[in-house]
There are 2 protein chains.
Amino acid sequence: MNTKESVEENKICPLEVAVNTISGKWKIPIVWQINEGKKRPSEFLRGIAKVDRRVLNQQLNEMVADGILMKESFHELPPRVEYSLTELGEKLVKILWQLNDWGKLLIPEDVV
Amino acid sequence: MNTKESVEENKICPLEVAVNTISGKWKIPIVWQINEGKKRPSEFLRGIAKVDRRVLNQQLNEMVADGILMKESFHELPPRVEYSLTELGEKLVKILWQLNDWGKLLIPEDVV
């Protein structure tokens, strides 16, 4: 989903900002995983096929910077890091559920 | 937004289908334009900066095939073609409005 080029010039379109924010590779799967109760990068790596650790960390950092995720570091040995959804992230999950319901309408009934 | 690789193997995830369906370049801007009352490809070309006609037509065809848009051809001279949202497309617009509202929360207040 690429809407980097502005639909309307000279104006910030919130939909464009929203789409750009969640369009990074793996961002939606990461939100989904956290919503399902997973917290640690190692769990995300198991849950999401084919993502590599470097890319995963980059996506996680961007999502923390955007205010979707919260990162908590535990000073233990070995060190432990956990991610959770912020209020903004929880709101996104609600929209993603609706998008999920909409997606069901796209799937032919004999496949489900 | 690339979720072509499945989050969960051996299972169709409706969210993934939904995201893949709307992630084509210009698809969300096209839906937005039609929602604003535009109907004809020439109007979309004016409304969306930098899209070329060939790519636009390809995206329109895919959206018709997916059941989001309806295409109507008028046998006039010069021939006229109009696109409109199907019921499925209207449902998508409702979700995009929510994503738009969510996007507002991402924009620092001093910018808006």
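Could you pull out the pairs from A:LYS71/B:LYS91; A:LYS91/B:LYS27; A:LYS39/B:LYS27; A:LYS71/B:LYS27; A:LYS39/B:LYS50; A:LYS91/B:LYS71 whose alpha carbons sit more than 31 Å apart here? List each step's numbers first, then the result.
On the way: A:LYS71/B:LYS91 34 Å; A:LYS91/B:LYS27 23 Å; A:LYS39/B:LYS27 33 Å; A:LYS71/B:LYS27 33 Å; A:LYS39/B:LYS50 41 Å; A:LYS91/B:LYS71 34 Å.
With Cα atoms farther than 31 Å apart: A:LYS71/B:LYS91; A:LYS39/B:LYS27; A:LYS71/B:LYS27; A:LYS39/B:LYS50; A:LYS91/B:LYS71.
Assign unit charges at the C-beta atoms only (+1 for Lys and Arg, -1 for Asp and Glu), then state the dipole size of segment B:14-106 relative to its Cα centre in Debye, rounded to the nearest 20. Could the numbers behind the result be given before it?
Numbers: 14 positive and 12 negative charges, 72 e Å.
Computed about the Cα centre, the dipole is about 340 debye.
Taking θ = phi - 60°, what integer Hz values does the Karplus form 6.51 cos²θ - 1.76 cosθ + 1.60 yield along segment B:47-56, in sequence order, with x for Gly and Pro?
Each residue of segment B:47-56 in turn: x, 10, 5, 6, 7, 9, 4, 5, 5, 4 Hz.
Once you have a ≥ b ≥ c as the square roots of the Cα gyration tensor eigenvalues for segment A:14-106, tell me rounded if a/c is under 1.5, and otherwise prolate or oblate according to whether a/b is larger than b/c. Each step should come with its number before you reach the end.
Values: a/c = 1.83, a/b = 1.61, b/c = 1.14.
It is prolate, given that a/c is not under 1.5 and a/b is the larger ratio.
Treat each spin label as a single point 7 Å out from the Cα along the C-beta direction, and report the A:ARG54 to A:GLU87 distance in nm.
Placing both labels 7 Å beyond Cα along the Cβ direction yields 3.8 nm.
At most 11 other C-beta atoms within 10 Å and a DSSP loop state: those are the exposed trypsin sites (Lys or Arg not before Pro) I care about. Give me the longest piece of chain A that has none. It would help to have the intermediate numbers written out before the result.
Working: sites that count: A:LYS4, A:LYS11, A:LYS50.
Between exposed loop sites, the widest span is A:51-112.
Can you list, shortest first in nanometers, how far A:ARG40 lies from the same residue in the other copies, with each label 7 Å from Cα toward Cβ?
For A:ARG40, the inter-copy label distances come out at 6.2 nm.
May I ask you to list the GluC sites (Glu not before Pro) in segment B:61-103 that are in a DSSP loop and have at most 11 other Cβ atoms within 10 Å of their Cβ? Spell out each step's value before the answer.
On the way: sites: B:GLU62, B:GLU72, B:GLU76, B:GLU82, B:GLU87, B:GLU90; in loops: B:GLU76.
For GluC sites (Glu not before Pro) across segment B:61-103 that sit outside H, G, I, E and B with at most 11 neighbouring Cβ atoms in 10 Å, the list reads B:GLU76.
Compute the acute angle (0 to 90°) between the alpha-carbon long axis of helix B:87-106 and the principal axis of greatest extent of the alpha-carbon atoms of chain B; round to the nearest 10°.
50 degrees
Can you send over the solvent-accessible area of B:ASP52, 1.4 Å probe, protein chains only, in Å² to the nearest 10?
80 Å²
What are the nm distances, shortest first, from B:LEU77 to its equivalents in the other copies, labels at 7 Å along Cα→Cβ?
8.9
Please tell me the relative contact order of segment A:24-69 in percent, rounded to the nearest whole number, where contacts are Cα pairs under 8 Å and at least six residues apart. Numbers along the way, then the final one.
Working: 23 pairs, mean separation 18.4, N = 46.
Over segment A:24-69, the number comes to 40 percent.
When Cβ neighbours within 10 Å are restricted to other protein chains, what is their mean count per residue of peptide B:22-33? Before the final figure, lay out the partial values.
Values: counts 6, 4, 2, 5, 5, 3, 8, 9, 1, 1, 6, 1.
Per-residue shielding by partner chains comes out at 4.
Could you pull out every residue, at least 5 positions away or on a different chain, whose amide H is within less than 5 Å of the one on A:VAL81? Hs are placed 1.01 Å off N in the peptide plane, and Pro or chain starts have none.
The list, which skips near neighbours in sequence, is A:PHE74.
State, as an integer percentage, the relative contact order of chain B based on alpha-carbon contacts under 8 Å between residues 6 or more apart.
Values: 87 pairs, mean separation 22.6, N = 112.
So the answer I get is 20 percent.
Taking H as built 1.01 Å from N, whose amide H comes closer than 5 Å to the amide H of A:LEU69, not counting residues under 5 places away?
HN-HN under 5 Å from A:LEU69: A:VAL64, A:THR86.
How large a share of the accessible area of chain A, in percent, is made up of carbon and sulfur atoms when the probe is 1.4 Å and the other protein chains stay in place?
With neighbouring chains kept in place, the figure for chain A is 51 percent.
So with the 1.4 Å probe, I'd like the accessible area per residue for segment B:14-106, rounded to whole Å².
Details: 4660 Å² over 93 residues.
Result: 50 Å² of accessible area for each residue.
Suppose only helical runs count, i.e. DSSP H with n ≥ 4. What mean residue ellipticity at 222 nm does that imply for chain B under -39500 (n - 2.57) per run, divided by all residues and rounded to the nearest 500 deg cm²/dmol?
Details: 5 runs with 58 residues, N = 112.
That calculation yields -16000 deg cm²/dmol at 222 nm.
Kindly provide the pair-distance distribution of the protein assembly as shown built from C-alpha pairs, with 10 Å bins from 0 and whole-percent values in order of increasing distance.
7, 31, 33, 20, 7, 2, 0, 0
How many nm separate the modelled label positions at A:LYS71 and B:LYS94, each set 7 Å beyond the Cα in the direction of the Cβ?
For the pair A:LYS71/B:LYS94, the computed spacing is 3.8 nm.
The values are calculated or read from the model by the stated rules, or taken from the named source; none is laboratory data. Here the structure is a predicted model, which is why all the values come from computation and not from measurement. Neighbour counts run over all protein chains shown; Cβ positions are idealised from the backbone, glycine included. What goes into the accessible areas is simple: the full protein's heavy atoms, side chains included, and nothing from ligands, DNA or RNA. Shrake-Rupley method; radii C 1.70, N 1.55, O 1.52, S 1.80 Å.
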